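Novice: This is the structure I want to talk about, given as structure tokens.
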Amino acid sequence: MLAMDFRGPYRVRARQKAEPEIEHPNDAIVRVTRSCICGSDLHLYHGLVPDTRVGTTFGHEFIGVVEEIGSSVQNLKVGDHVLVPFNIFCGSCYFCQRELYSNCHNTNPEATAVGGIYGYSHTAGGYDGGQAEYVRVPMADVGPTVIPPDLDEDDAVLLTDALPTGYQAAEMGDIEEGDTVVIFGAGPIGIFAAKSAWMFGAGRVIVVDHLEYRLEFVRNYAQCEVLNFKEVRDMAIHIKKMTDGLGADVCIDCVGCEAVGNVAQSITGRYLKLQAGAATVLHWCINCVRKGGRVSIVGVYGPTFNAIPIGNAINKGLTLRMNQASVKRHLPRLIEHIQAGRISPKDIITHRVPLEEVADAYHIFSSKLDNCIKTVLIPPAASRFQIEV
């Protein structure tokens, strides 16, 4: 099969690999019809995630058709068109029983914090991802969700990570009616967090970024205010001036370890790797939110040390909430929102690229070329199937 293949930082290619096989009775083999490149994949691509091994296939956002099932799989059948959450989870451990699917205790032998994730290095379990023609899906009875017949494929693939993560970012902010919400990052997650903030009752939504084309996109898509941080001398002072001197009620970090905007943080976190990524946005969130406010973090950081102003958070009486999104928990509500026309996830897709051109796709997405917001990869198997149909 054709699959994306990681050869080292900034080096990916499409090449032939062996097709996955059933390894456990509860596995399924899925023929991929859509996969995405996520901003989190860029952390791998740039060499910032530990134990990302040469030969790994990335891709934790994918949908497809069930081609084969293990002997114990009862909830799927061959031919089902499914969306597969990026979390790999057992459904029965202490954490899964509490719908903390991203913290499953049984699917990642490499860590005690995060559960398994498709295509996200051996620190997330070492599973190959869906930027390929076929993928092995473990725990197939609990992870995949059959796509409703009236749901567009492009909407469905964004339900595997991007939309649920943006939605959970807003949810973790405990937004109250009329709140001012400041979202850092106008990528897909920030865009969906802004849209979701209105659903939770926000009275004002401000999105911060430095790329004008992304700010223009989120302004139109989420009907929010925007702020270019390159035009701001001191972020905390600026946000307080915008909010009657108090600060925002809620600040949301949708950027993570590759944030720009602070030279010292970039040098220590992105280049010298003395901390687990640049903590620029964590500083902004803690310092821009009002006393007694809430900070929600979905931006990805490494599992080691970060230099953050925890003393400020304590003295301001802040509530900090953070996690990888538990996708499965949000799917019923989000599918309902899509079907009711309240949100159209597929509208953020700007690029559809054949899997054969995955190297170019990563370059475009990483370098923010051609006004790229979200890239979908189309495997050859999916193209052939569509032609036959």
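Novice: Of all accessible surface on the range 1-144 at a 1.4 Å probe, what whole percent is carbon and sulfur?
Specialist: Carbon and sulfur together cover 46 percent of it.
Novice: I would also like to ask the following. Would you mind checking the tilt of helix 212-222 against the longest principal axis of the Cα atoms of the chain, expressed as 0 to 90 degrees and rounded to 10?
Specialist: Orientation of helix 212-222: about 80 degrees from the principal axis.
Novice: Rolling a 1.4 angstrom probe over the protein chains, ignoring ligands and nucleic acids, what is the accessible area of Y101 in square angstrom, nearest 10?
Specialist: Roughly 30 Å² of Y101 is accessible to a 1.4 Å probe.
Novice: So what are the ³J(HN,Hα) numbers for the range 204-210, from phi and the Karplus equation (6.51, -1.76, 1.60; θ = phi - 60°), rounded to whole Hz, Gly and Pro as x?
Specialist: Using θ = phi - 60°, the values come out as 7, 10, 10, 10, 10, 7, 10 Hz.
Novice: Leaving out ligands and nucleic acids, and using a 1.4 Å probe, what accessible area per residue does the chain come to in Å²?
Specialist: The answer is 41 Å² per residue.
Novice: Stretched out fully, how many nm does the piece from K230 to D370 gain, at 0.36 nm a residue minus the Cα gap? Kindly include the intermediate steps, with their values, before the conclusion.
Specialist: Working: separation 140, 0.36 × 140 = 50.40 nm, distance 2.07 nm.
Once the chain is fully extended between K230 and D370, it gains 48.3 nm.
Novice: What list of ³J(HN,Hα) values in whole Hz, one per residue of the range 133-148 in order, does the Karplus curve 6.51 cos²θ - 1.76 cosθ + 1.60 (θ = phi - 60°) give from phi, with Gly and Pro shown as x?
Specialist: Residue by residue, the range 133-148 yields 6, 9, 8, 7, 10, x, 6, 5, 6, 10, x, x, 10, 5, 6, x Hz.
Novice: In addition: Can you list the residues of the range 183-219 with backbone N under 15 Å from a point 7 Å past the Cα of I308, pointing along Cα to Cβ?
Specialist: Inside the label zone: 184.
Novice: Add -39500 (n - 2.57) for each DSSP H run of 4 or more in the chain, then divide by its residues: what number comes out at 222 nm, to the nearest 500 deg cm²/dmol?
Specialist: So the calculated ellipticity at 222 nm is -7500 deg cm²/dmol.
Novice: Are there any trypsin sites (Lys or Arg not before Pro) in the range 168-250 that are in a DSSP loop and have at most 10 other Cβ atoms within 10 Å? List them by number.
Specialist: Answer by residue number: R233.
Novice: Further, regarding this structure: Would you tally the net charge around G256, using a Cβ to Cβ cut-off of less than 13 Å, leaving G256 out, and scoring K and R as +1, D and E as -1?
Specialist: -2
Novice: Run through the DSSP bridge list for the chain and note the antiparallel percent, rounded to the nearest 5.
Specialist: 50 percent
Novice: Leaving out ligands, DNA and RNA, what percent of the accessible area of the range 193-238 is carbon and sulfur, probe 1.4 Å?
Specialist: Answer for the range 193-238 is 49 percent, counting heavy atoms of protein chains only.
Novice: Under the Karplus relation 6.51 cos²θ - 1.76 cosθ + 1.60, θ = phi - 60°, what is the ordered set of whole-Hz ³J(HN,Hα) values for the range 230-242, x standing for Gly and Pro?
Specialist: Here the 3J(HN,Hα) series is 5, 9, 10, 7, 9, 4, 4, 5, 5, 5, 5, 5, 7 Hz.
Novice: What is the dipole size for the range 99-174, taken about its Cα centre, with +1 at each Lys and Arg Cβ and -1 at each Asp and Glu Cβ, in debye to the nearest 20?
Specialist: Approximately 420 debye in magnitude.
Novice: On full extension of the chain, what length is gained from A111 through Q339, given 0.36 nm per residue of separation minus the C-alpha to C-alpha distance?
Specialist: Working it through step by step, the gained length comes to 78.3 nm.
Novice: Which entries of K273/K346; K77/K346; K241/K368; K273/K328; K195/K368; K77/K374 have Cα-Cα distances beyond 29 Å here?
Specialist: From the list (K273/K346; K77/K346; K241/K368; K273/K328; K195/K368; K77/K374), the Cα-Cα distance tops 29 Å for K273/K346; K241/K368; K273/K328; K77/K374.
Novice: Please name which of V260, P138, I349 has its Cα lying farthest along the dipole of the chain towards the positive end, using unit charges on Cβ (Lys, Arg +1; Asp, Glu -1) and the Cα centre as origin.
Specialist: V260
Novice: For the range 347-377, list residues with backbone N below 15 Å from a point placed 7 Å from the Cα of E216 toward its Cβ?
Specialist: 369-373
Novice: Considering the zone a paramagnetic label at I267 would reach in this model (a point 7 Å from Cα along the Cα-to-Cβ line), which residues of the range 291-310 have amide N under 15 Å from it?
Specialist: What the label zone holds, given the 15 Å backbone N cut-off, is no residue at all.
Novice: Which entry in [x] 20.8; [y] 17.9; [z] 19.6 matches mean projected area of the Cα convex hull in nm² derived from the coordinates of this structure?
Specialist: [y]
Novice: Of H337, H81, which has the most accessible area and how do the rest follow, probe 1.4 Å?
Specialist: The most accessible residue leads, giving H81, H337.
Novice: Still on this structure, I have one more. Between I237 and H46, what's the calculated FRET efficiency when r is the beta-carbon distance and R0 is 41 Å? Round to 0.05.
Specialist: 0.85
Novice: While we're on this one: Ignoring ligands, DNA and RNA, what percent of the 1.4 Å accessible area of the range 265-389 is carbon and sulfur?
Specialist: Working: 3180 of 5880 Å².
Ligands and nucleic acids excluded, carbon and sulfur give 54 percent.
Novice: What's the magnitude of the charge dipole for the chain around its Cα centre, counting Lys and Arg as +1 and Asp and Glu as -1 at the beta-carbon? Answer in Debye, nearest 20.
Specialist: Values: 35 positive and 44 negative charges, 239 e Å.
So the magnitude is around 1140 debye.
The values are calculated or read from the model by the stated rules, or taken from the named source; none is laboratory data. Values in this document were obtained by computation on a predicted structure and should not be read as measured data. Note that we place each Cβ from the backbone using ideal geometry, even for glycine, and neighbour counts take in every protein chain shown. Ligands, DNA and RNA are excluded from the accessible area calculation, which covers all protein heavy atoms including side chains. Shrake-Rupley method; radii C 1.70, N 1.55, O 1.52, S 1.80 Å.
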